[in-house]
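Q: Can you read through this structure? Questions will come right after.
The values are calculated or read from the model by the stated rules, or taken from the named source; none is laboratory data. No experiment lies behind these values; they were computed from the predicted model shown. Here Cβ is always computed from backbone atoms with ideal geometry, including for glycine, and neighbour counts include all displayed protein chains. Surface areas here come from the heavy atoms of the whole protein model, side chains and all, with no ligands, DNA or RNA. Shrake-Rupley method; radii C 1.70, N 1.55, O 1.52, S 1.80 Å.
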Amino acid sequence: MASPALRDRRILVVEDEFLIAMNLSNDLEAAGSVVLGPVPSVDKAIKKIESEPNIDAAVVDVNLGGVLAYAVADMLLARKIPFVFTSGYEDDMLRARYPQIKNCLKPYLFLNMEQALTTAILGVDRRSHSAPAE
């Protein structure tokens, strides 16, 4: 059963492998999400983030055509957009730089991605609703 947390959420997909991007996009749409992208490169992802005022969450492949997606991750963090990484390998440097971000190892089951993304979204929602009123 699809997570209600993904329903009607605008999810940016940053993935350079066409079949993975299409499968993920289809699964997200089946869960009720609105998919932004997919975008296959760091430059295109940054442009999409800059031009899209309403991104609820993102799925970011760590390695986009040989370029690490750290600039994308940093921009998402700066804008307080929850996201998860995907990667074909464990990466201690990634874990050290972004300890709070879940890395879904490829190949992943959509259920695992859905759970990681839901946790990221709900974590941000709780933080945004728990801020003290001024």
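Q: Looking only at region 69-91, filter to residues that are at pLDDT below 95 and open to solvent by 10 Å² or more (accessible area, probe 1.4 Å); which one of those is nearest to the chain's Cα centre (by Cα)?
A: 88
Q: Condition first: part of a loop (DSSP other than H, G, I, E, B), touching a strand residue (DSSP E or B) at 6+ places or on another chain (Cβ under 8 Å) and surrounded by fewer than 18 Cβ atoms within 10 Å (Cβ to Cβ). Now tell me which residues in region 4-16 satisfy that.
A: 8
Q: How many residues does region 92-109 hold that are surrounded by 14 or more Cβ atoms within 10 Å (Cβ to Cβ), at pLDDT 90 or above and of a type in the set (A, V, I, L, M, F, W, C)?
A: So the count comes out to 2.
Q: Take region 43-62 and flag every residue that is small (Gly, Ala, Ser) and crowded, with 22+ Cβ neighbours inside 10 Å.
A: 45, 57, 58
Q: So which of 25, 33 ends up being crowded, with 19+ Cβ neighbours inside 10 Å, under 16 Å from residue 60 (Cβ atoms) and without any contact (Cβ under 8 Å) to a residue 24 or more places away in the chain?
A: Among 25, 33, only 25 is crowded, with 19+ Cβ neighbours inside 10 Å, under 16 Å from residue 60 (Cβ atoms) and without any contact (Cβ under 8 Å) to a residue 24 or more places away in the chain.
Q: Another question, if that's okay. Out of contact with any Ser or Thr (no Cβ under 6 Å at 6 or more places or on another chain), closer than 16 Å to residue 114 by Cβ and open to solvent by 10 Å² or more (accessible area, probe 1.4 Å): does that describe residue 20?
A: The answer is yes for residue 20.
Q: Being in a loop (DSSP other than H, G, I, E, B) and among the β-branched types (Val, Ile, Thr) is the filter; apply it to region 43-68 and report the residue that is modelled with the highest pLDDT.
A: 55
Q: Sticking with this one: Could you please find all residues in region 92-105 being within 14 Å of the chain's Cα centre (by Cα) and in contact (Cβ under 8 Å) with a residue 12 or more places away in the chain?
A: Once the filter is applied, which keeps residues that are within 14 Å of the chain's Cα centre (by Cα) and in contact (Cβ under 8 Å) with a residue 12 or more places away in the chain, region 92-105 yields 98, 101, 102, 103, 104, 105.
Q: Within region 110-129, identify whether any single residue is closer than 18 Å to residue 46 by Cβ and either outside any strand (DSSP E or B) or at pLDDT below 95 (or both), and answer yes or no.
A: No.
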